[in-house]
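**Q** Quick one: the structure is below, and I'll ask about it shortly.
The values are calculated or read from the model by the stated rules, or taken from the named source; none is laboratory data. Because the structure is predicted, anything quoted here is derived from the model rather than measured. Neighbour counts are summed over all protein chains in view; Cβ atoms, including those assigned to glycine, are modelled from backbone coordinates with ideal geometry.
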Amino acid sequence: MNIAKTCNKQGDKMARVKHPPYRVDRRNHGNIIGSIDHPSVILIHATQSGDRDGASDVRGVLEFLESTKKEPATGGGYGIHRVIDKEGIIGRGAKLHAPGNKVQHATGANSIAVGIELIAWSRFNLAKWLTRRRQLQALAWEMAFMSQELGIPLRRSKTHGVAMHREFPLGGHTDPGSFFPINRVIRMARWNVKRAARGKSYGFNTPLNPVL
Ligand SMILES: [Zn+2]
């Protein structure tokens, strides 16, 4: 089913945000536990792990999540939809659309949310986050694409919008931390949508987003 056609009226009127390129394609991997017909939340995580050069850190997170399937305690294993590292390399875990797009990434939100793991630490302060320009740009691009593809508004919301894992505290998680610039990345994502509407593309080599 093409959810974009049924959920996204905005897409009819303006150019679409171009799909970000995947440097690590793990299409529809990651311990699928069901389907979400209409995801309504984009949920942002931090992996609590360090950076490695190239795509090896992204690949490592996807492979780790996949390996959790073997541990009975995790009840089917963990998964995620996207992983983004410091360099802005994006890896794909589960696909965005049903069937087979539901994974276990946030207790209390798995049935409504698609998840993005940032390879980062929750202890980062604001200044540290802002040095990770490519990661935030790639995140904002992916958010803009997801928003248009799934009809999820680019605004703060735990039911229909963008949220952080720490806002679903059932599992005791605090990621992506108190200083993650959530409002800033939402503004950047909106800017990407506007840019697409003007027929401009967006890429990893563009200068720092002027909205910053
Ligand atoms: Zn998390």
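**Q** Can you name the residue in the stretch 28-74 that is modelled with pLDDT under 90, among the polar types (S, T, N, Q) and within 16 Å of the ligand (Cβ to nearest atom) and is also surrounded by the fewest Cβ atoms within 10 Å (Cβ to Cβ) among such residues?
**A** Among them, the one singled out is 74.
**Q** Only one of these conditions is not met by residue 139: (1) within 16 Å of the ligand (Cβ to nearest atom); (2) in contact with a helix residue (DSSP H, G or I) (Cβ under 6 Å, 6 or more places away or on another chain); (3) free of Cβ contacts under 8 Å to residues at least 40 places away in the same chain. Which number is it?
**A** Going through (1) within 16 Å of the ligand (Cβ to nearest atom); (2) in contact with a helix residue (DSSP H, G or I) (Cβ under 6 Å, 6 or more places away or on another chain); (3) free of Cβ contacts under 8 Å to residues at least 40 places away in the same chain one by one, residue 139 breaks only (3).
**Q** Only residues that are within 11 Å of the ligand (Cβ to nearest atom) and out of contact with any strand residue (DSSP E or B) (no Cβ under 6 Å at 6 or more places or on another chain): list them for the stretch 142-168, please.
**A** Within the stretch 142-168, 166, 167, 168 qualify.
**Q** Return the residue satisfying two criteria in turn: it lies in the stretch 188-205 and is surrounded by 14 or more Cβ atoms within 10 Å (Cβ to Cβ) and in a loop (DSSP other than H, G, I, E, B), and of such residues it is modelled with the highest pLDDT.
**A** For the stretch 188-205, the residue satisfying everything is 202.
**Q** Further question on the same structure: Taking the stretch 149-168 as the region of interest, how many residues are more than 13 Å from residue 105 (Cα to Cα) and aromatic (Phe, Trp, Tyr)?
**A** Here the count works out to 0.
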